[in-house]
Ligand code: UDP
């Protein structure tokens, strides 16, 4: 029997590359696509020798062509950290809106099922905790995070419209903070920031007073949840994340302990519109998918720290950004 064919956008990124690995392990034919603004080919170079893996260097905000049949499309291309949105706001808006539209068109043409990567950012700075899927959010459309949050909200809306009006098979995952190997060291996210600082012998920068909370999910758990959602028959959004909530200050203390660094926590200004609390209500995922996270933060952080320690000193010190400006139009 011939292999099922899946297109994964953002394939060279953190989540995209782990998805490629999972679908290869499940014996799919995987077509990866990435424009490599924030992605890194080193995340998928081990797949290039396989005959059931192909890669296209392409920006999905432009018309997308893929020869042959497609059974599934997973749209994971997007800048995904506050620092990235500030550097490449237009690209962030385009990949969530125009990119999603192009891929929905491709899904229709190929009669493929489409899963989109949405985010807990659709809840903005939430007024309720934990956040269930039924919560509509508290988003500032014109703040620094607006380019990401509103693109993702539009993405959900257009995906639902294609489902309702064209009968397209669609799935929407709302992803909460996730961590693990292959996160970009310079993306400004709190985990690579803290671990990178510890490894370079710098103090750990806590934004605000560190009382804001997040709930961190290990990447393998997230990928399992996405895999189950794709093969479920549920078209409405589903939260996937780990409800184990922690303040950023406590998180910093955990990283100090884990790395054994002699450095300390130092306080810095809180970025504009930084959510005060975030924790997924995962009742729906538990009931619909029989899914819940299995990896504790202690276990996941250990694996992630081992990965970051294995990076070359050159990669560790490279906190500069790539040539984002050329794409920002
Ligand atoms: N944060 C921090 N120090 C850093 C980077 C981030 O204290 O060096 C904080 C940030 O203000 C936020 C939390 O850590 O409250 C998580 O930030 P991240 O960018 O990882 O994700 P998001 O805000 O999108 O959840």
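The values are calculated or read from the model by the stated rules, or taken from the named source; none is laboratory data. Everything numeric in this text was worked out from a predicted model, so none of it was measured. Counting neighbours? That spans all protein chains shown, and the Cβs are built from the backbone with ideal geometry, glycine included.
Within the range 284-319, the set of residues being closer than 23 Å to residue 235 by Cβ and more than 21 Å from the chain's Cα centre (by Cα) comprises 287, 288, 290. Do the conditions hold for residue 17, that is, is it within 23 Å of residue 186 (Cβ to Cβ), modelled with pLDDT of 95 or more and touching a helix residue (DSSP H, G or I) at 6+ places or on another chain (Cβ under 8 Å)? Here the answer is yes, as residue 17 does meet what is asked. The residues of the range 259-278 that are within 11 Å of the ligand (Cβ to nearest atom) and within 26 Å of residue 222 (Cβ to Cβ), listed by number, are 271, 273, 274, 275, 276, 277, 278. Listed by position, the helices (runs of 4 or more DSSP H) contained in the range 16-130 that have at least 1 residues being over 26 Å from residue 181 (Cα atoms) and either more than 16 Å from the ligand (Cβ to nearest atom) or in contact (Cβ under 8 Å) with a residue 40 or more places away in the chain (or both) are 89-96, 98-110.
The requirement of being within 13 Å of the ligand (Cβ to nearest atom) and buried (at least 17 other Cβ atoms within 10 Å of the Cβ) is not satisfied by residue 282. List pairs: first in the range 186-206 and at positive phi and in contact (Cβ under 8 Å) with a residue 60 or more places away in the chain, second within 6 Å of the ligand (Cβ to nearest atom) and in a loop (DSSP other than H, G, I, E, B), Cβ under 7 Å, 6+ apart or cross-chain? Short answer, once both residue conditions are applied: 188/81. Of all residues in the range 167-197, exactly one satisfies the criterion of being part of a helix (DSSP H, G or I), touching a helix residue (DSSP H, G or I) at 6+ places or on another chain (Cβ under 6 Å) and more than 8 Å from the ligand (Cβ to nearest atom), namely 195. Among the residues of the range 134-146, those identified as assigned to a loop (DSSP other than H, G, I, E, B) and touching a strand residue (DSSP E or B) at 6+ places or on another chain (Cβ under 6 Å) are 137, 139. Residues in the range 212-245 that are in contact (Cβ under 8 Å) with a residue 40 or more places away in the chain and assigned to a loop (DSSP other than H, G, I, E, B): 212, 216, 232, 234, 235, 236, 237, 241, 242, 243, 244.
Every residue, every condition in (1) touching a helix residue (DSSP H, G or I) at 6+ places or on another chain (Cβ under 8 Å); (2) at pLDDT 95 or above, yes or no:
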site	(1), (2)
4	no, yes
11	yes, yes
49	no, yes
61	yes, yes
64	yes, yes
80	yes, no
97	yes, yes
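For the range 246-267, filtering for residues that are assigned to a loop (DSSP other than H, G, I, E, B) and exposed (fewer than 13 other Cβ atoms within 10 Å of the Cβ) leaves 3.
Could you please find all residues in the range 198-211 being crowded, with 22+ Cβ neighbours inside 10 Å and either part of a strand (DSSP E or B) or within 9 Å of the ligand (Cβ to nearest atom) (or both)? Correct list: 204, 206.
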